1. Of all residues in segment 1-29, which are modelled with pLDDT under 65 and of a type in the set (A, V, I, L, M, F, W, C)?
2. Could we say that residue 68 is assigned to a helix (DSSP H, G or I), touching a helix residue (DSSP H, G or I) at 6+ places or on another chain (Cβ under 8 Å) and either modelled with pLDDT of 85 or more or not polar (S, T, N, Q) (or both) here?
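The values are calculated or read from the model by the stated rules, or taken from the named source; none is laboratory data. Everything numeric here is computed off the predicted structure, so don't read it as measured data. Because the Cβ atoms are built from the backbone with ideal geometry, glycine has one as well, and the counts that use them run over all protein chains shown.
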Amino acid sequence: MDNNIIFKFYDAFKLLCEMYSAFDGSTSNCTNCSGKANQFVEEYKNLKENSSVTKNSSYSKVLSILSTDYNSLKNKCNDTLSFPSIETTQNTTKITEQTVQNSAQTSEVTSSSSIGDKLIPVLSIFGAIAFFLGIGYKYSLFKSRKRSRKHHLREKLKNKEETG
């Protein structure tokens, strides 16, 4: 991975985050974001024109995520005049759709199976701990009773020897 490209992605994400934090749901802030939107579009175009970004699939995925997030902010703002449009290719759209489908499938599988997979071992561990603590407690009671009986018998023997 090239650090220069990563820094360019960072700058683009930073601009996008600044636009999201400036936009609070009211369309009056959309005009405030237009300057940052122009900067973002320039960063996006520079990244898209870079041949090492378009060849690498992971960079292409990040690029498609950037375009998707920008377009969703643009749709939330409902003021398309202040936001310049960006060009998305078919590859980035397909990559975005595949990523969304894969993450949805993964989350469905993970949420249903992870509860059962994690709950049973945890409950088994707690049950085993309780079982062994119970055995240890009973053994310590038995041992202390046995000790007290021996001590009592020794005292009786001493008392008999002294008196007899």
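1. Residue satisfying the conditions is 1 alone.
2. Against the criterion (assigned to a helix (DSSP H, G or I), touching a helix residue (DSSP H, G or I) at 6+ places or on another chain (Cβ under 8 Å) and either modelled with pLDDT of 85 or more or not polar (S, T, N, Q) (or both)), residue 68 qualifies.
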